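The values are calculated or read from the model by the stated rules, or taken from the named source; none is laboratory data. Keep in mind the model is a prediction, meaning the values are calculated, not measured. For neighbour counting, all protein chains shown are included, and Cβ atoms are generated from backbone atoms with ideal geometry for every residue, glycine included. The area values use the complete protein model at the heavy-atom level, side chains included, leaving out ligands, DNA and RNA. Shrake-Rupley method; radii C 1.70, N 1.55, O 1.52, S 1.80 Å.
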Amino acid sequence: MKKFLFLALMALLGIMSMFSAEKRVYLSKHINPHAPAIDGRGDDPCWDKVEWGGQFVQSEPRGGEAPSEPTEFKAMYDDKNVYVLVRCHDSQAGTIERRLSRRDEIDGDYLAVYIDSYFDKRTAFGFKVNAAGVKADVALTGDSNSQDSTWDPLWTVETAVDAGGWTAEMAIPFSQLRFASGNEMTFGLQVRRLLFRKQEISSWQHIPKDAAGFVSLFGVLDGLQNIRAQHQIEIIPYAVAKGQLSPEEAGNPFASGSSSQLLGGLDGKIGLTSDLTLDFTINPDFGQVEADPSVVNLSAYETFFEEKRPFFTEGRNILNFRMMSGNGDFGSDNLFYSRRIGRAPQYDPELQDGEFLDMPLNTAILGAFKITGKTRNGLSLGVLESLTARSRAALSFNGQSRSETVEPLTNYFMLRAQQDLNEGKTLIGAMMTAVNRDIQDPALDFLHTSAYTAGVDFYHSWKNRSYFVSAKTVFSLVNGSKEAILQTQESAVHYYQRPDSDYFHLDPKRTSLGGYGGNFEIGKSGDSKLTYAAGVTWRSPGLELNDMGYLHQADVIMAWGWAGYQITKPTWIFNQLNLNFNAWKGHNFGGTPIFVGGNTNFWGQFKNYWSFEYGFNRQGSGLSQGTLRGGPYLRSNGGWSQWIGFGSDTRKRLTINWSGNNFIPDDQSRESWGTNLTMAYRPSSGLSLSVAPGYEYYKNNLLYVDTVTAGGGDRYVMASIAQNTFYVTLRLNYSITPELSIQFYGQPFISNGRYNAFKRITDPRARLFQDRFRTYGSDEISFDDGDNTYHVREAAHGAAYSFANPDFNVLELRTNLVLRWEYRPGAALFVVWSQGRANDTGRNDFELSSGFRDLMRLPATHVFLVKFTYNFNL
């Protein structure tokens with residue numbers, strides 16, 4: 001009996017040790033001169049030189065338990081590549097989901113191999129493939145599982161499916177990894193597998209889902225000897241043939257109905273050292289990039305759009321300096337916003353009656369380069385330099401042609417450095433940006449001649465990286481003419497002209513403006529069900545980042561707190577459940593409270609793999625610094641908002657996701673609600689279709705219209721608005737092979753806004769909503785249909801003024817059809833058709849059927865593009 005108990009105890013301890021989070025080690029071997037043929041079968045004799053690694057452990061949904069199906073792998077190397085063979089056993093091989101898609105859009109049964117070649121326990125490179133042979137590659141930074149799929153290395157993988165499961169065979173060149181050469185080397189290693197039909201993730205090195213960190217918890221790839229870093233050299237020339245068909249306009253020499261262009265350029269990637277890589281582009285073209293979604297912005301603040309251009313998206317993590325974590329109005333603030341480079345020209349020439357204009361859509365990028373990497377001493381480095389051309393618009397009047405500069409020759413420079421200390425538990429970094437413009441035309445004096453920003457950041461974690469503290473501080477300085485700095489002071493970001501702010505003042509004589517900002521956070525990030533953080537973020541009135549970065553609003557100090565509770569293992573009816581609690585309060589630099597609020601939300605996945613979310617938000621009363629566009633504070637009463645949504649089982653061929661939201665005010669000031677439905681269907685492994693209609697209703701009884709000067713002072717004209725917006729997002733993805741695909745994107749968009757009940761502000765801080773304004777009587781306001789203008793003569797003061805009719809009816813249709821063929825690694829052929837229709841028809845109502853008819857009757861602009869790239873991998 002004692003012997004039996006002893007053996008049972010030893011077996012139990014063995015099982016527990018197998019599922020523990022202790023570091024696992026895989027011993028690799030050198031296999032020169034016989035490399036395996038990468039065919040997905042793994043039957044080359046050289047594979048017999050290394051042992052199988054196995055004993056995978058579930059990460060999701062039942063973390064720490066044995067997986068439903070076993071997985072094994074082998075790894076070996078020669079002078080050029082590391083080779084990985086993964087065997088995914090499956091007792092139900094007929095149910096293996098093999099879904100075809102484009103690269104990086106991986107779906108179905110797949111596996112991933114992550115390599116921390118720096119062995120810094122913060123950075124890793126991921127190589128993924130699904131059972132259909134579709135590959136994806138990602139870069140991981142910051143010891144997180146946040147994956148950047150814009151990284152596209154050159155590597156080879158093949159897969160094969162048989163009666164016992166499926167196999168993947170990889171060859172990953174050392175030239176695509178970054179590391180310092182050495183005689184004895186160690187890499188971090190993780191191998192993961194998704195069993196699609198059970199949504200089950202298993203890992204070779206078990207990492208609890210609630211762990212603090214990801215890369216630092218990898219296992220170890222050992223046995224690497226005498227590896228020499230390969231210096232990567234890729235030269236990628238391209239050629240583009242472009243044709244455009246657009247509406248012909250009588251008398252307009254720039255609207256002949258058709259045009260064509262033949263363009264060329266060069267991209268490249270060069271390994272400067274084993275640690276640092278140079279990427280460059282000369283005369284880049286991004287014609288294959290999907291268009292931005294349509295939007296109607298009724299606020300004074302700039303809309304933030306995501307970057308989609310490949311040169312700027314790849315490796316963007318090291319070029320990043322976000323001012324705070326999270327989302328919300330301040331979550332996008334950053335010292336570097338790459339869409340500033342190659343932006344639309346900022347000057348609109350004044351036209352005479354009958355004069356025609358040909359305006360470039362974007363500023364041409366003459367060239368750009370970036371250097372990124374991480375040294376063996378833990379120094380992460382990012383350098384970016386770009387030069388954009390002096391852009392000119394062509395004008396024609398009565399047969400006479402002329403041109404005007406609409407954007408000056410501009411240089412953009414950025415330097416980012418970050419040093420790892422204490423095995424990545426401590427980080428100290430800095431960043432600087434510089435924008436210099438060669439302004440030779442007085443019409444462009446409203447632009448800054450130079451703009452500089454600098455930032456310093458610090459991060460430290462302790463107790464197995466479970467707790468953290470971080471701090472950032474930034475500084476800015478912009479220089480220019482009096483006109484340029486005055487425009488900056490009066491912009492929506494600053495509003496220095498606010499009449500009731502006594503802690504700064506508008507100075508029309510200034511030729512420079514400086515400011516500062518920062519962020520401080522402390523919290524617990526993992527190793528338990530409960531995580532939390534608190535912090536404070538600030539932006540001084542003079543902080544200006546928008547020449548090369550993005551800043552939503554200056555003159556704010558916000559304190560916030562957050563707590564989250566997560567259940568990562570199946571419990572009751574849930575596979576997993578997350579609950580979050582947030583609170584925030586904001587002041588300006590004069591000490592005036594301007595906003596306060598909080599929310600509670602949760603998301604859960606049921607055991608049938610459907611998901612559900614719900615949240616509600618309480619926004620307290622506050623004082624808006626921007627509603628009156630440079631006027632005094634305007635009180636806004638609080639209200640309640642809520643959102644709700646559900647999603648169906650993502651394993652099915654037909655999936656449905658629905659969401660809805662609304663806002664209910666404490667007073668009668670405003671209300672809104674919206675809904676969105678996404679239906680996706682996959683009739684075959686290579687074809688997927690989705691349609692996503694959405695509707696939004698917005699009503700505001702005190703929306704800004706205009707500021708006019710009359711009666712010895714400023715009049716802030718407001719109105720009630722009812723806005724209806726409807727859109728449909730259509731997508732089709734057809735993958736013939738993993739290298740050949742067709743994608744379609746389309747979005748018809750209709751937004752109608754009607755203003756009425758015009759009024760002017762009388763007491764902006766009044767406690768009662770109705771006491772803040774006075775509505776114009778019918779005998780005080782009239783509308784002139786001829787010039788589309790409202791005219792006002794106040795009964796009390798006799799002040800007379802006018803303002804334009806603010807009604808709008810936006811109709812837009814944007815489509816892209818892209819055929820992409822990667823005919824050899826790193827080289828591709830694109831065939832693109834895009835269509836655009838846009839106008840304001842002036843309709844007085846919102847009616848879907850007639851609105852769509854009006855949209856389709858609009859004249860269309862068609863662009864046809866063929867782009868050919870070739871990769872010289874030297």
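Rounded, prolate or oblate, given the Cα gyration tensor of segment 551-640, with a/c below 1.5 counting as rounded? Can you show the working numbers first?
Details: a/c = 3.65, a/b = 2.89, b/c = 1.27.
Prolate, because a/c is 1.5 or more and a/b exceeds b/c.
Rounded to the nearest angstrom and ordered from largest down, what semi-axes does the equivalent ellipsoid of segment 461-514 get from its C-alpha gyration tensor (root of 5λ)?
Working: eigenvalues 274, 42, 14 Å².
Semi-axes from the Cα gyration tensor: 37, 15, 8 Å.
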Checklist outcome for this item: Karplus-derived 3J(HN,Hα) from phi for segment 418-429 (6.51 cos²θ - 1.76 cosθ + 1.60, θ = phi - 60°), whole Hz, x at Gly and Pro, runs 8, 9, 7, 10, 6, 6, x, 7, 10, 10, 10, x
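Averaged across orientations, what area in nm² does the convex hull of the alpha carbons in segment 685-778 project?
Numbers: hull surface 41.7 nm².
Computed as one quarter of the Cα hull surface, the answer is 10.4 nm².
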Checklist entry - Lys308: which lysines have alpha carbons under 26 Å from its alpha carbon, excluding same-chain residues fewer than 8 sequence positions away? => result Lys128, Lys135, Lys242, Lys269, Lys370, Lys374, Lys867
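For segment 324-435, take the alpha-carbon Rg, divide it by the Kirkwood Rh, and send me Rg/Rh.
Working: Rg = 20.7 Å, Rh = 17.3 Å.
My calculation puts Rg/Rh at 1.19.
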Next on the checklist: From the convex hull of the Cα coordinates of the chain, what is the mean projected area in square nanometres?
Outcome noted: 40.5
Checklist outcome for this item: Quick calc, the chain, dipole around Cα centre from Cβ unit charges on Lys, Arg (+) and Asp, Glu (-), nearest 20 debye, gives 2400
Checklist entry - Sorted by accessible area (1.4 Å probe), largest first, how do Lys425, Lys524 line up? => result Lys425, Lys524
Next on the checklist: I need the shape label for segment 146-214. Rule: rounded when a/c is under 1.5, else prolate if a/b > b/c, else oblate, with a, b, c from the alpha carbon gyration tensor.
Outcome noted: oblate
Next on the checklist: What's the magnitude of the charge dipole for segment 515-626 around its Cα centre, counting Lys and Arg as +1 and Asp and Glu as -1 at the beta-carbon? Answer in Debye, nearest 20.
Outcome noted: 520
Item to check | Relative contact order computed over the chain (Cα-Cα under 8 Å; 6+ residues apart), in percent | outcome: 8
Item to check | Kirkwood Rh in Å, taken over segment 781-866 so that all alpha-carbon pairs contribute | outcome: 17.2
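For the chain, with all protein chains present and a 1.4 Å probe, just round the carbon and sulfur fraction of the accessible area to a whole percent.
Working: 21210 of 38320 Å².
The C+S portion of the solvent-accessible surface of the chain is 55 percent.
Could you state the accessible area per residue of segment 372-486 in Å², with a 1.4 Å probe and every protein chain left in place? Mind showing how you got there, number by number?
On the way: 4850 Å² over 115 residues.
Value for segment 372-486: 42 Å² per residue.
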Item to check | Reciprocal of mean inverse Cα separation for segment 36-120 (Kirkwood radius, Å) | outcome: 15.3
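Can you give me the orientation-averaged projected area of the convex hull built on the Cα atoms of segment 385-520, in nm²?
12.7
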Checklist outcome for this item: Net charge (Lys, Arg +1; Asp, Glu -1) of residues whose beta-carbon lies under 10 Å from that of Thr568, Thr568 excluded, is +2
Checklist entry - Given R₀ = 41 Å, FRET efficiency for Ala37-Asp348 by Cβ-Cβ distance, to 0.05? => result 0.10
Checklist entry - Among the lysines, which have Cα under 29 Å from the Cα of Lys509 when same-chain residues fewer than 8 positions away are ignored? => result Lys482
Checklist entry - So what's the gap between the Cα centers of segment 295-327 and segment 565-630, to the nearest angstrom? => result 22
Item to check | Restricting segment 385-474 to GluC sites (Glu not before Pro) in coil, as DSSP defines it, with at most 15 other Cβ within 10 Å | outcome: Glu423
Checklist outcome for this item: Per DSSP, the loop-located chymotrypsin sites (Phe, Trp or Tyr not before Pro) within segment 784-874 having at most 16 other beta carbons within 10 Å are Tyr870
Item to check | Pair-distance profile P(r), taking every C-alpha pair of segment 61-166, with 10 angstrom steps and integer % | outcome: 13, 40, 38, 9, 0
Checklist entry - How about Lys524: which aspartates and glutamates have a C-alpha closer than 14 Å to its C-alpha, ignoring those fewer than 8 places off in the same chain? => result Asp210
Item to check | Value of D in µm² per second that Stokes-Einstein yields for segment 269-310, Kirkwood Rh from Cα pairs, at 25 °C (0.890 mPa s) | outcome: 174
Checklist outcome for this item: Taking a ≥ b ≥ c as the square roots of the Cα gyration tensor eigenvalues, with a/c under 1.5 meaning rounded and otherwise prolate when a/b beats b/c or oblate if not, segment 62-105 comes out oblate
Checklist entry - Assuming a viscosity of 0.692 mPa s and a temperature of 37 °C, what translational diffusion coefficient in µm² per second does Stokes-Einstein assign to segment 151-305, Rh being the Kirkwood radius over Cα pairs? => result 149
Checklist entry - How far apart, in nm, are two points set 7 Å out from the Cα along the Cα-to-Cβ line at Val296 and at Ser849? => result 2.2
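Can you pull out the trypsin sites (Lys or Arg not before Pro) in segment 709-779 whose DSSP state is coil and whose Cβ has at most 16 other Cβ atoms within 10 Å?
Numbers: sites: Arg715, Arg731, Arg754, Lys759, Arg760, Arg765, Arg767, Arg772, Arg774; in loops: Arg765, Arg767, Arg772.
Passing sites in segment 709-779 are Arg765, Arg767.
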Checklist entry - Cα atoms only, segment 234-352: Rg and Dmax in Å? => result 19.2, 60
Checklist entry - So what is log10(I(q)/I(0)) for segment 349-403 at q = 0.17, 0.20, 0.23 1/Å, when the Debye sum runs over its Cα atoms only? => result -0.69, -0.79, -0.89
Next on the checklist: Can you give the local net charge around Ser669? Use residues other than it whose beta-carbon is closer than 15 angstrom to its beta-carbon, Lys and Arg +1, Asp and Glu -1.
Outcome noted: +2
Checklist entry - Using a 1.4 Å probe, how large is the accessible area of Glu739, given in Å² and rounded to the nearest 10? => result 80
Checklist outcome for this item: Heavy-atom accessible area of His862, protein chains in place, probe 1.4 angstrom, given in Å² to nearest 10, is 50
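Where in the chain are the helices, taken as whole DSSP H runs, whose Cα atoms extend 20 angstrom or more along the long axis and whose Kyte-Doolittle mean reaches at least 1.0? Can you show the working numbers first?
On the way: long enough: 2-18 (24 Å, 1.73).
TM-like helix candidates: 2-18.
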Checklist entry - How much solvent-accessible surface does Tyr695 expose, in Å² to the nearest 10, with a 1.4 Å probe and all protein chains in place? => result 50
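Kindly sort Ile522, Ile106 by accessible area of their heavy atoms, largest first, with the probe set to 1.4 Å.
On the way: Ile522 80, Ile106 35 Å².
In descending accessible area the options line up as Ile522, Ile106.
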Checklist outcome for this item: Other residues with Cβ under 12 Å from the Cβ of Met359 give, with Lys and Arg +1 and Asp and Glu -1, a net charge of -3
